[in-house]
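First the structure, in the form of C-alpha cells, and then the observations on it.
The values are calculated or read from the model by the stated rules, or taken from the named source; none is laboratory data. Just so it is clear, the model here is predicted, and its values are computed rather than measured. Every residue, glycine among them, receives a Cβ derived from its backbone with ideal geometry; neighbour counts consider all protein chains shown.
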Amino acid sequence: MTIRSAEVLVSSPGRNFVTLRITTDDGVVGLGDATVNGRELAVAAYLTEHVLPLLIGRDEAMIEDAWQFLYRSAYWRRGPITMAAIAAVDVALWDIKAKVAGLPLYQLLGGASRTGCLAYGHASGTDLDALCVSIQNHLDQGFKAIRIQTGVPGLGQIYGVAGDQRPGQRYDYEPAKRLPKPAEELWDTRAYLRHVPGVFAAVREKFGPELVLLHDGHHRMTPNQAGSLGKSLEPYDLFWLEDCTPGENQEGMRRVRSQTTTPLAIGEVFNTVYDYQTLITEQLIDYVRSAVTHTGGITALRKLMDFAAIYQIKSGFHGPTDISPVGQAAQLHLGLAIHNFGIQEYMKHSEETLQVFRTSYTFENGLLHPGNNPGLGVDYDDDLAAGFEYTPAYLPTARLLDGTVHDW
Ligand code: CS2
Ligand code: MG
C-alpha cells in the first residue's frame, strides 16, 4: 500500500487542536496530533506546505524511514513546530500499521507490561478549603494520584489554579479566557515559597500518608530556589516536583539535585533526546515529562525512554487538555508497553472535545487503559468538528510585581 492522501484538520471543540489524517490507497485511515498550544497554525502550515506533498505515494509501512527522512532531510532539525509535525506523521503511520495488523497499537510495541497506567489528576484551589474540596472530588472520581496547585495570598489568579471551584472546573485558558492577547497574571516567587510548604503539610495531615501527591512549579524558580523548595517539601513525600526551574539550562539541575531528594520531573517543553542528554546521563531527574505529540512521536519517545531506562528514569508523559485525545491515546499505548512507565497525567477533555474525538480509552480505579480497538482507538468526526471553528487563544503572561515578564 501507499499513502493516497493526507489532510490537516484544524478545529476547536472546546479548545484548539491540529490533527493530521493520513489515508492509504486501500482506505485505511491513521490520525496524528500536531497541536502546539497557542502556536497551532504554525504547525498546520509546516505540515500543509512542506510535509504533506512529500507523503503522497510513500510506503506507509516504512515508519522509521519516514521519521528519518522528515528529521534529517529537512536540514533544520528539532524545535517544537518541526517535532510536532514529525510526531503527527509518525503517530498516524503507527495507527495505520496497527489497524492493518488488526491489533491495538500497544501490541506492536511489545504488549502490555501492566494492567493499566497510573493516572494523576489536577486538584487546585484558591485557598486551602477550596483545594481540599477539589482533592476530595478527585478521590471520589477514583484518582489515586493527585497534583495539587494552590493560590498564593496577595497574588490573585495564578495559572494552574481554577478560579471557579465547582467540581469539573478547569484552570486552562480555553475556551473561557480566549482573548486576542495573553491575559496577565502577577507573580512573586518569595511569596509562593513561603506559602507552599504549609499547604502540603495541611494536605498530608488531612488526607494521610498514602495519597500520591505531585506539584508543578511551571519553571518559575531559580535552581537555588528550587533546591530550597524541594528540601522543604521532603517531609511530605512528593511523587514529584515538576518544572521547578527552566530546563533549557540542564546544568542548573545539578544545583537542584545536590540540595534535595524530592523526586524531579522535567521536559514538557522539550522536543528531542538532546534536551535531556545531561539530565539523563547525570541522573539529575527522575521522570521524563515529554508528550508523544511534542517529541517526534512514538518512534522517538520510545527510544528516549529506552535511554532513560538505563539510568532508572521513568515516564510521566505530559497530558493536559492541549494534548488532543489522539496524542493522549498514543502515549497510553506507549506507556502500557514500556517497562519504565512511571505515571500518566490525565486532565479529562471537555464534552465537546470528546464528541469530535471518539476514544476507546478508559479510566477505572485510578488507571487509564488505551482499549483494545485496532490502532490507536480514536475516530475523528468531521461533521461535528465543522461546527467548532478555530479561534486564536493564548496562554497567560506572568509579570513580577514591578512589571517584569517572568517565566511561568
Ligand atoms: C502544565 C500544562 O500539564 C501541565 O503540567 O504545565 O498546563 C501546560 O502549562 C500547558 O500544557 C501548556 O500548553
Ligand atoms: Mg507542567
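The number of residues in region 362-408 being of a type in the set (Phe, Trp, Tyr) and more than 30 Å from residue 104 (Cβ to Cβ) comes to 3.
The single condition among (1) surrounded by 14 or more Cβ atoms within 10 Å (Cβ to Cβ); (2) free of Cβ contacts under 8 Å to residues at least 40 places away in the same chain; (3) assigned to a loop (DSSP other than H, G, I, E, B) that residue 75 does not meet is (1). In region 85-117, what residues are in contact with a Phe, Trp or Tyr (Cβ under 8 Å, 6 or more places away or on another chain), crowded, with 24+ Cβ neighbours inside 10 Å and over 27 Å from residue 50 (Cα atoms)? Hits for region 85-117 are 105, 117. Within region 308-331, residues that are touching a residue at least 12 places away in the same chain (Cβ under 8 Å) and within 16 Å of ligand 2 (Cβ to nearest atom) sit with their Cβ atoms under 6 Å from residues that are of a type in the set (S, T, N, Q) and not in a loop (DSSP other than H, G, I, E, B), at 6+ positions apart or across chains, in these pairs: 317/331; 317/344; 319/328; 319/344; 323/293; 327/293. Of all residues in region 27-41, those that are touching a residue at least 60 places away in the same chain (Cβ under 8 Å) have Cβ atoms under 7 Å from Cβ atoms of residues that are among the basic types (Lys, Arg) and part of a strand (DSSP E or B), 6 or more apart or on another chain, in 29/21; 31/21. Would you confirm whether or not region 136-145 contains a residue that is in the same structural domain as residue 319 (by TED's automatic domain parsing), modelled with pLDDT of 95 or more, assigned to a loop (DSSP other than H, G, I, E, B) and within 16 Å of ligand 1 (Cβ to nearest atom)? Yes, some residue in region 136-145 is in the same structural domain as residue 319 (by TED's automatic domain parsing), modelled with pLDDT of 95 or more, assigned to a loop (DSSP other than H, G, I, E, B) and within 16 Å of ligand 1 (Cβ to nearest atom).
Scanning region 231-274 for residues that are more than 15 Å from ligand 2 (Cβ to nearest atom), under 23 Å from residue 204 (Cα atoms) and crowded, with 23+ Cβ neighbours inside 10 Å yields a total of 1. Within region 243-271, residues that are in contact (Cβ under 8 Å) with a residue 60 or more places away in the chain have Cβ atoms under 8 Å from residues that are within 15 Å of ligand 1 (Cβ to nearest atom) and part of a helix (DSSP H, G or I) in these pairs: 269/80; 269/294; 271/80; 271/83; 271/294, counting only partners at least 6 apart in sequence or on another chain.
Could you grab me the full set of residues in region 1-15 that are under 19 Å from residue 358 (Cβ atoms) and of a type in the set (S, T, N, Q)? Result: 11, 12. Among the residues making up region 312-350, a single one is away from ligand 1 (no atom under 14 Å from the Cβ), out of contact with any strand residue (DSSP E or B) (no Cβ under 8 Å at 6 or more places or on another chain), at negative phi and of a type in the set (S, T, N, Q): 350.
Among the helices (runs of 4 or more DSSP H) contained in region 253-345, which hold 1 or more residues that are within 30 Å of residue 231 (Cβ to Cβ)?
Qualifying helices (runs of 4 or more DSSP H): 277-281, 297-309.
Within region 353-366, residues that are closer than 18 Å to residue 21 by Cβ sit with their Cβ atoms under 9 Å from residues that are of a type in the set (Ser, Thr, Tyr), at 6+ positions apart or across chains, in these pairs: 353/321; 353/324; 356/11; 356/380; 357/19; 357/324; 357/380; 358/380.
Residue 198 - would you say it is modelled with pLDDT of 90 or more, part of a loop (DSSP other than H, G, I, E, B) and away from ligand 1 (no atom under 15 Å from the Cβ)? When the stated conditions are applied, residue 198 does not pass them. Being among the hydrophobic types (A, V, I, L, M, F, W, C), within 30 Å of residue 152 (Cβ to Cβ) and assigned by TED's automatic domain parsing to the domain that holds residue 144 is true for just one of 112, 130. Which residue is that? After ruling out the rest, the residue left standing is 130.
Residue 350 meets each of the listed conditions (1) under 23 Å from residue 146 (Cα atoms); (2) more than 16 Å from ligand 2 (Cβ to nearest atom); (3) surrounded by 24 or more Cβ atoms within 10 Å (Cβ to Cβ) apart from (3). One residue alone among 162, 183 is more than 16 Å from ligand 2 (Cβ to nearest atom) and either modelled with pLDDT under 90 or within 19 Å of residue 397 (Cα to Cα) (or both), and that residue is 183.
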